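Written below as structure tokens is the structure these notes are about.
The values are calculated or read from the model by the stated rules, or taken from the named source; none is laboratory data. Not measured: the values here are computed from a predicted model. Note that we place each Cβ from the backbone using ideal geometry, even for glycine, and neighbour counts take in every protein chain shown. Ligands, DNA and RNA are excluded from the accessible area calculation, which covers all protein heavy atoms including side chains. Shrake-Rupley method; radii C 1.70, N 1.55, O 1.52, S 1.80 Å.
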Amino acid sequence: MEHINKICKEQGYPIEVENSPILGNHAVAARNIPRGEGLLRAIPFAAEVFDSYKKRMCHVCLLYHARGSFQLRCQDCDQVYFCSAACRDIAMGSPSTFSTEFTETNPDTQDNNVSTLNTTGGYHAKVCRTLRKLATWNSDRHSKSIIKLLLHILLNHWKERQGIPTTYRAHRTLEKEREMEKNMAQLDNKGNDGVESLGQVLAAGAKLHDGSAESTVASDNVSAKAPQDEIQEPIENDFFDMMRLQSHFEDWDEEDKKDWDRQTQIVLALLELSGLTEIAAGPGSKEVRTLTAQDIKQMISALESNAFGMFDRSKSKPVCFGRAIYPIASFFNHSCDCNSTAVQADGSEERVTSDDVLGVVGAEEEEKQNKFAKKKGSKSKKSKVGNLSDSAPSTPLSSSSPVPTPSLSSPSPQVDAAEEGDEAMPISSENGEEVLEPSSEPDPYNSRVGEFRMMTFFAIRDILKGQDITISYIDTEMPLQARRLALLTDYHFHCCCERCVREEQASAPGCSKKGSKEKDNKKKGGGRGGKK
Ligand SMILES: C[S@@+](CC[C@H](N)C(=O)[O-])C[C@H]1O[C@@H](n2cnc3c(N)ncnc32)[C@H](O)[C@@H]1O
């Protein structure tokens, strides 16, 4: 974990990842952290939308269109949709290439000043055929969505090996170019009498995007600033961080294991179709090795236990429309009395701050705010991560924290429910749903478009140096047995957090019979199988 700790330190994040035999990899406080301080910003290594929502999510910046569907798409596979020409060009390659002269008219946007830098060469082509095949495969939607996520993880690893920038980086390059363009236009307007020199203008543009301006966490006083106060560069993990995530394949039910044994050969064949069956032999290694069936099962199991849900929170009940994997965020262990929470950006205009998360609003004030939000027709500007439970707790998690419980979500019943739910709500332009016309597309150069579902963690209590930093994966308002059953069923572990131990000891001492009670319940039909 040394390299992750180095990155966190360099970027001013007050966390470290430690390893212990009992807790595995887990986040701890690198220094004392006051309540409300930002802990981390992270970008997904890969994200995947459920088939039935594919037209609503931009495949590149992960912007979700809550009211209808996007129009731009790959016409060959019809599996990936884009909010803008810029996002499409990042995935599919752009018709023009970068030159010092900015391009003429962009045929899609009719915008004369938009340059379409070809940063990626269109990596989507590598998986296009496979996605088309996968779409016609008669398998359950859960398996298909996990396989799609796996495909994109391996595609992103291939991109890493080719030196192709991540979609986030490519998007930032476009933003930077746009900024320079604006600055140059400004200079033109000022003409020869302009007060600023070309050098000054370009330097200003570059400064905006070299991370230093956005990440103004002072290197000499790291603790003085927090991600919620400044736009701090998020952590982008690599493939081998993903490979460090815990897998629980061995704990799966026999039936689930057999299911995946059968599907693994098909998965390997699909990966073969995209030339994605090889991975680097190790971090930074130029040598490669071929993926085995065991690798695939371990990775699928790791995705099941570690992926976060992406939720549409514009509805009265949050709807899960896909999964995203943020390796560093998955190192946060669970506690039923957690000390941090996470918020997932959803492309709304304003950035979330700790005030949004911690601001204790009285019931009356809250009602007023809700009314106001409804009146404006605006959706919530923040999207609390996860929430396995559709009935997300709106009441305080604990008396000291008014924060609804975030949680990891991949193996949740609600994920399936969301997939099912969409059947009743097909997305098409014919059924009267809103389709974004190119003219009304969001500005593709606005970094806030989609936000890449950037996840921000905040401390919801004071955390002392060396203490574990925890989030909650489930609704912690449930009683002990129900909490433990949920964690065993969906995450395959027996929770021994302080609160569980305390409550257990209050009723019957000892936390030694690891999960026996919950396993009994599960056998009696109280829980779901490993593969959802
Ligand atoms: C999302 S991962 C967290 C990172 C994990 N510790 C690792 O090494 O990759 C979730 C897994 O961590 C372990 N875990 C997290 N919270 C725990 C807790 N309160 N009690 C026991 N195990 C826990 C379980 O194995 C669980 O499946």
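Report, ordered by the first and then the second residue, all pairs with beta carbons closer than 7 Å, sequence separation of six or more or different chains, a first member in the stretch 484-495 that is closer than 15 Å to GLU250 by Cα and not assigned by TED's automatic domain parsing to the domain that holds ASP253, and a second member that is more than 10 Å from the ligand (Cβ to nearest atom) and hydroxyl-bearing (Ser, Thr, Tyr).
Listed by first residue and then by second, the contacts come to ASP490/SER412.
If you go through the stretch 486-498, how many residues are farther than 14 Å from SER335 by Cα and more than 10 Å from the ligand (Cβ to nearest atom)?
1
One line per residue, one yes/no per condition, for (1) outside the structural domain of ASP468 (by TED's automatic domain parsing); (2) assigned to a loop (DSSP other than H, G, I, E, B); (3) away from the ligand (no atom under 16 Å from the Cβ):
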site	(1), (2), (3)
CYS8	no, no, no
TYR13	no, yes, yes
VAL17	no, no, no
ILE22	no, yes, no
ASN25	no, no, no
ARG31	no, yes, yes
ARG35	no, yes, yes
LEU40	no, no, no
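With the condition kept exactly as written, say whether any residue in the stretch 357-377 is open to solvent by less than 30 Å² (accessible area, probe 1.4 Å), at pLDDT below 50 and basic (Lys, Arg).
no
Output the residues belonging to the stretch 320-334 that are assigned to a helix (DSSP H, G or I) and more than 8 Å from the ligand (Cβ to nearest atom).
Correct list: PRO327, ILE328, ALA329.
Can you pull out the residues in the stretch 43-61 that are open to solvent by 10 Å² or more (accessible area, probe 1.4 Å) and touching a Cys at 6+ places or on another chain (Cβ under 9 Å)?
Across the stretch 43-61, the qualifying residue is only HIS59.
Please specify each residue of the stretch 42-81 satisfying the condition of being hydrophobic (A, V, I, L, M, F, W, C), under 30 Å from CYS338 (Cα atoms) and assigned to a strand (DSSP E or B).
Scanning the stretch 42-81 gives ALA42, ILE43, ALA46, ALA47, VAL49.
Where residues in the stretch 476-485 are away from the ligand (no atom under 15 Å from the Cβ) and not in a helix (DSSP H, G or I), which of them is nearest to VAL17 (Cα to Cα)?
Result: GLU477.
Just checking, how many residues over the stretch 154-168 are surrounded by 23 or more Cβ atoms within 10 Å (Cβ to Cβ) and either acidic (Asp, Glu) or touching a strand residue (DSSP E or B) at 6+ places or on another chain (Cβ under 6 Å) (or both)?
Residues flagged as surrounded by 23 or more Cβ atoms within 10 Å (Cβ to Cβ) and either acidic (Asp, Glu) or touching a strand residue (DSSP E or B) at 6+ places or on another chain (Cβ under 6 Å) (or both) within the stretch 154-168 amount to 0.
Open to solvent by 10 Å² or more (accessible area, probe 1.4 Å), within 16 Å of the ligand (Cβ to nearest atom) and either in the same structural domain as MET57 (by TED's automatic domain parsing) or within 11 Å of the chain's Cα centre (by Cα) (or both), is that true of ASP337?
Taking the combined requirement at face value, the residue satisfies it.
What are the residues in the stretch 426-481 that are among the β-branched types (Val, Ile, Thr) and at pLDDT 55 or above, if any?
VAL435, VAL449, THR456, ILE460, ILE463, ILE469, THR470, ILE471, ILE474, THR476
Within the stretch 499-508, identify whether any single residue is in a loop (DSSP other than H, G, I, E, B), modelled with pLDDT under 85, within 15 Å of the ligand (Cβ to nearest atom) and farther than 22 Å from GLY309 by Cβ, and answer yes or no.
No, the conditions are met nowhere in the stretch 499-508.
Return the pair list, or none, for Cβ contacts closer than 6 Å from residues in the stretch 320-348 that are over 15 Å from MET243 (Cα atoms) to residues that are basic (Lys, Arg) and within 15 Å of the ligand (Cβ to nearest atom), at least 6 apart or on different chains.
The qualifying pairs are CYS336/ARG483; CYS336/ARG499; ASP337/ARG499.
May I ask you to list pairs of residues, at least six apart or on different chains, whose Cβ atoms are under 6 Å apart, with the first in the stretch 9-29 being over 16 Å from PRO327 (Cα atoms) and the second being away from the ligand (no atom under 12 Å from the Cβ) and open to solvent by less than 10 Å² (accessible area, probe 1.4 Å)?
PRO14/ILE33; ALA29/ILE463
Would you please list the contacts, defined by Cβ atoms under 8 Å and residues six or more apart or on different chains, that run from a residue in the stretch 461-476 that is under 11 Å from SER340 (Cβ atoms) and open to solvent by 20 Å² or more (accessible area, probe 1.4 Å) to a residue that is within 11 Å of the ligand (Cβ to nearest atom) and assigned to a loop (DSSP other than H, G, I, E, B)?
ASP468/LEU23; ASP468/SER335
Got at least one residue in the stretch 129-136 being at pLDDT 80 or above and either farther than 30 Å from PHE321 by Cα or among the small types (Gly, Ala, Ser) (or both)?
Taking every residue of the stretch 129-136 in turn, at least one turns out to be at pLDDT 80 or above and either farther than 30 Å from PHE321 by Cα or among the small types (Gly, Ala, Ser) (or both).
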